[in-house]
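The values are calculated or read from the model by the stated rules, or taken from the named source; none is laboratory data. Bear in mind the structure is a predicted one, so any value in this text is a computation, not a measurement. Using ideal geometry, Cβ is built from the backbone for each residue, glycine included, and neighbour counts are taken over all protein chains shown.
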Amino acid sequence: MASDSDPRPLEIGDVDRAARVFARAFAWHEPWGDWAMPDPSDREERIYARFRSDLLERFIPFGECWTIDAGTATTMWIPPAVPQLASRRSEADYASYGAVAGEMRAGDALIASLKPETAHWYLDTIATDPDLHGRGLGGRLLDHDLAIRDAAGHACALDTHTPENIGFYERRGFEVIGSGPLGEGIDVYMMYRPSQSRP
């Protein structure tokens, strides 16, 4: 019998908690939050609203999301060739970034140019409740997801703007295949992992 500590597909009832975890992680524990939303007064709520909308309107219907403990750790995946997830942000999303909207648009174009041309599953986002960092939840969830990709013979890619996270992904078979400036004071690193399936 499965328990809350076992990875399972994210459900509608998990969305609020998962979006809150993403908001806390990206607002205060990642360089992206400081860069994309310099005003801290409403940063967490804006990120929460974005992830809640993305989960409900895009990733649950068209992508693949997995979770441990009903949103404590969550992954958001983009399958190959899904047109509903081809655009990273809507025009309204870009407008909401105000002074950094131009950098955000250019950064997304850079990320698109760095993606591998071969078919792959894309890890759009992974986050763990900041209060539970160091317990291995994110690693266990990602290992679970990668085992599914390997079983199907699929390659994977992701981007990170946190250099300290590169080793976490390298230990799971990813390699940096490109990088560039995402904006002032922040770089992006594209990582790729061929399928680890065995004949």
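Data table
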item: Residue list for segment 75-88, restricted to those being surrounded by 12 or more Cβ atoms within 10 Å (Cβ to Cβ) and either under 23 Å from Tyr189 (Cβ atoms) or polar (S, T, N, Q) (or both); result: Thr75, Met76, Trp77, Ile78, Pro79, Gln84, Leu85, Ser87, Arg88
item: Some residue of segment 73-90 being of a type in the set (Val, Ile, Thr), in contact with an Asp or Glu (Cβ under 9 Å, 6 or more places away or on another chain) and part of a loop (DSSP other than H, G, I, E, B); result: no
item: Subset tally (residues that are within 21 Å of Pro130 (Cα to Cα), of a type in the set (Asp, Glu) and either touching a Leu at 6+ places or on another chain (Cβ under 7 Å) or modelled with pLDDT of 95 or more (or both)) for segment 52-96; result: 0
item: Of the criteria (1) under 21 Å from Ile68 (Cβ atoms); (2) without any contact (Cβ under 8 Å) to a residue 40 or more places away in the chain, which one Asp187 fails; result: (1)
item: Condition check for Pro38: under 23 Å from Leu141 (Cα atoms) and touching a helix residue (DSSP H, G or I) at 6+ places or on another chain (Cβ under 9 Å); result: no
item: Elements of type strands (runs of 3 or more DSSP E) in segment 104-199, at least 2 residues being under 23 Å from Asp34 (Cβ atoms) and of a type in the set (S, T, N, Q); result: 121-128
item: Condition met for Glu117 (acidic (Asp, Glu), modelled with pLDDT of 90 or more and under 25 Å from Ala152 (Cβ atoms)); result: yes
item: First in segment 89-114 and closer than 17 Å to Gly185 by Cβ, second anywhere and at pLDDT below 80, Cβ under 6 Å, 6 or more apart; result: Glu103/Gly183; Gly107/Gly183
item: Residues that are free of Cβ contacts under 8 Å to residues at least 24 places away in the same chain, hydrophobic (A, V, I, L, M, F, W, C) and surrounded by fewer than 20 Cβ atoms within 10 Å (Cβ to Cβ), drawn from segment 8-41; result: none
item: Trp66 vs. criteria under 27 Å from Gly136 (Cα atoms) and either out of contact with any Ser or Thr (no Cβ under 7 Å at 6 or more places or on another chain) or of a type in the set (Gly, Ala, Ser) (or both); result: no
item: Subset of segment 131-158 that is surrounded by fewer than 18 Cβ atoms within 10 Å (Cβ to Cβ) and not small (Gly, Ala, Ser) - its residue that is farthest from Glu170 (Cα to Cα); result: Asp131
item: Tally, over segment 1-60, of residues that are of a type outside the set (D, E, K, R), more than 15 Å from the chain's Cα centre (by Cα) and not in a helix (DSSP H, G or I); result: 10
